[in-house]
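These notes concern the structure reproduced below.
The values are calculated or read from the model by the stated rules, or taken from the named source; none is laboratory data. Note that the structure is predicted; figures quoted are calculated from it, not measured. Every residue, glycine as well, gets a Cβ built from its backbone with ideal geometry; the counts of neighbours run over all protein chains shown.
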Amino acid sequence: MGVDLSDIVVKRKITIKDLANMTVAVDAYNIIYQFLSSIRQPDGTPLMDRSGNVTSHLSGIFYRTITMLESGIKPVYVFDGKPFRLKNRTLEERRIVKEKNISDLEKAREEGDVEKIRSLSSRINYINADMIREIKELLTCMGIPYVQAPTEGEAQASWMNGKDMVQGVISQDYDCILFGAKQIYRNITIYGRRKVSGKNIYINVSPEVIEAAETFRTLGMTRENMIDVALLVGTDFNTGIDRVGARTAVKLIRKYGSIEEVLKVKNREIENLQEIKDFFMHPPVEEHPDTTLHEVKREEIFEMLCDRHDFSKDRVLPYVENLEKVHKKASQFNLDSFF
DNA sequence: CGGACCGA
DNA sequence: TCGGTCCGG
């Protein structure tokens, strides 16, 4: 997903403590996908309530949000709106991959290949409208702000970071740097481990920050140049030039100055070039997003999680108490800085 | 994913 | 107290 710029960005290892007292925009879909693929039983089945509704995403959002707050991080969740018109091709490609996975899964089930069943089922994630509705409902009960982006969530989150409404963006996607994010926080988990897709294996991935300004300075480039680089590599909205990765793209842009010139020399074309560039530079955004904490609706949290979705009250209770504690501290902090 | 639990 | 395993819903 998104363009791979890992070879050329400036990144620094961090710890969760480095995010203390920061408000950060969280790319909601990005994190929900992570929860859906990793919060599973060893055989690949996600957590479900007794009616068979998947609950991995609720579990993930609930517990993770509270541990973030306990570390002093204030999240603002950003939800995707309507995909950018030119994303259709990417979405189509993803749909084809998903269909292949589904048919492979059926075959594996017929053959009784346990390993394959687990591997494939963890790769097939469904996010549906009900899930999104319930996550927003849960966030409201928890007093956590969220923003509905008009189009891409990364675009909204990155724009907010650019305007200093938040001090960073939590997302795995490098595209954020193209949309104007200043700090992109990746691998933000407590233990710094991540499940390898489909296998019961963990790799250590330490939390890191990508520094936009430092990246641009090191490369001697502007954000516009970086967008040109990404377009050559290929983004969610276009196919790149064959055999051109991030490093090669940087060299090409350095040598020829602009993507238009590179394409002319190489006798290549990228469809809708200007429209894509404009979208990266000026995506439609919600200009007055909510970024403040609100009151905790304790009883509604229990109703949602425990009554409706079979979460254990004993397990949820201490988290709700910590949530209320953190909210009190935050409002105290706001009063202190006001006076 | 992240916490609880357990044996060294 | 550390590292592995188990479990949540």
Taking the condition of being assigned to a strand (DSSP E or B) and either of a type in the set (Phe, Trp, Tyr) or over 14 Å from the mean Cα position of the chain (by Cα) (or both), how many residues in the stretch A:134-147 meet it? 1
Kindly provide the set of residues from the stretch A:25-52 that are assigned to a loop (DSSP other than H, G, I, E, B), surrounded by 14 or more Cβ atoms within 10 Å (Cβ to Cβ) and more than 8 Å from DNA strand C (Cβ to nearest atom), ordered by number. A:GLY44
Just wondering, is there one or more residues in the stretch A:268-288 that are within 16 Å of DNA strand C (Cβ to nearest atom) and aromatic (Phe, Trp, Tyr)? no
Matching residues, the stretch A:171-213, being modelled with pLDDT of 95 or more, among the small types (Gly, Ala, Ser) and part of a loop (DSSP other than H, G, I, E, B): A:SER171, A:GLY180, A:ALA181
Under 9 Å between Cβ atoms, which residue pairs at least 6 apart in sequence (or on different chains) link something in the stretch A:42-61 that is over 17 Å from A:ARG123 (Cβ atoms) and in contact (Cβ under 8 Å) with a residue 24 or more places away in the chain with a partner that is among the polar types (S, T, N, Q) and assigned to a helix (DSSP H, G or I)? A:GLY60/A:GLN34; A:GLY60/A:SER38
For residues in the stretch A:169-184 being touching a strand residue (DSSP E or B) at 6+ places or on another chain (Cβ under 6 Å) and surrounded by fewer than 24 Cβ atoms within 10 Å (Cβ to Cβ), which is farthest from A:LYS82 (Cα to Cα)? A:GLN183
Taking the stated definitions as given, is A:LEU19 at pLDDT 90 or above, within 16 Å of A:THR65 (Cβ to Cβ), hydrophobic (A, V, I, L, M, F, W, C) and surrounded by 17 or more Cβ atoms within 10 Å (Cβ to Cβ)? yes
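Every residue, every condition in (1) under 30 Å from A:ASP175 (Cβ atoms); (2) modelled with pLDDT under 95; (3) in the same structural domain as A:VAL76 (by TED's automatic domain parsing), yes or no:
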| position | (1), (2), (3) |
| --- | --- |
| A:GLU287 | yes, no, no |
| A:ARG298 | no, no, no |
| A:ARG308 | no, no, no |
| A:LYS325 | no, no, no |
| A:PHE339 | no, yes, no |
How many of the residues making up the stretch A:254-290 are closer than 30 Å to A:ALA25 by Cα, in a loop (DSSP other than H, G, I, E, B) and among the aliphatic types (A, V, I, L, M)? 1
Kindly establish whether A:SER158 is within 27 Å of A:GLY52 (Cβ to Cβ), surrounded by 17 or more Cβ atoms within 10 Å (Cβ to Cβ) and not acidic (Asp, Glu). no
